[in-house]
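Novice: Can you read through this structure? Questions will come right after.
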Amino acid sequence: MSASINLEIFAGETIEHACAEAVRLADMLGVVAKFDFNGVNVMAKPGVCPKSLAEAWHVELRSDRTIKIACVHPLAAQAKEGGA
């Protein structure tokens, strides 16, 4: 079973802060923390790097896709950090 929570992000927050808080909650509760930020659905999984998630949001925001979802797999984020 997997669980998720929906977060409400207040106006004026930065995507970096929103991602950091979502990942913190995902880690603490062991759930996927979901929120909408400027038309992009963001999914914060436990173990994800908040900076990588914010970067994924920037990519989605600039994309031409109709449905925009920013999500990073925890293992992909760790591999990127290790290779940098």
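The values are calculated or read from the model by the stated rules, or taken from the named source; none is laboratory data. None of these values were measured; they are calculated from a predicted model. Heads up, the Cβs are rebuilt from the backbone with ideal geometry, glycines too, and the neighbour counts pull from every protein chain shown.
Novice: Search the stretch 45-57 for residues that are closer than 10 Å to GLU16 by Cα and of a type in the set (A, V, I, L, M, F, W, C) and pair each with any residue that is surrounded by fewer than 22 Cβ atoms within 10 Å (Cβ to Cβ) and at pLDDT 95 or above when their beta-carbon atoms are under 8 Å apart and the residues are at least 6 apart or on different chains.
Specialist: Close Cβ pairs satisfying both conditions: LEU53/CYS71; ALA54/ILE15; ALA54/GLU16; TRP57/ILE15; TRP57/PHE37; TRP57/VAL40.
Novice: Show the residue pairs meeting these rules: Cβ distance below 7 Å; 6+ apart or different chains; first residue within the stretch 2-29 and basic (Lys, Arg); second residue surrounded by 13 or more Cβ atoms within 10 Å (Cβ to Cβ) and modelled with pLDDT of 95 or more.
Specialist: none
Novice: While we're looking at this one, here's another question. Select from the stretch 25-60 the residues that are in a loop (DSSP other than H, G, I, E, B) and among the β-branched types (Val, Ile, Thr) and list them in ascending order.
Specialist: Those that are in a loop (DSSP other than H, G, I, E, B) and among the β-branched types (Val, Ile, Thr): VAL31, VAL48.
Novice: Filter the stretch 1-19 down to the residues that are assigned to a helix (DSSP H, G or I) and not small (Gly, Ala, Ser) and list them by number.
Specialist: ILE15, GLU16, HIS17, CYS19
Novice: Which count do you get for residues in the stretch 33-84 that are polar (S, T, N, Q) and modelled with pLDDT under 95?
Specialist: 1
Novice: Do we have ALA22 as assigned to a strand (DSSP E or B) and either modelled with pLDDT of 95 or more or buried (at least 20 other Cβ atoms within 10 Å of the Cβ) (or both) here?
Specialist: Spelling it out, it is not the case that ALA22 is assigned to a strand (DSSP E or B) and either modelled with pLDDT of 95 or more or buried (at least 20 other Cβ atoms within 10 Å of the Cβ) (or both).
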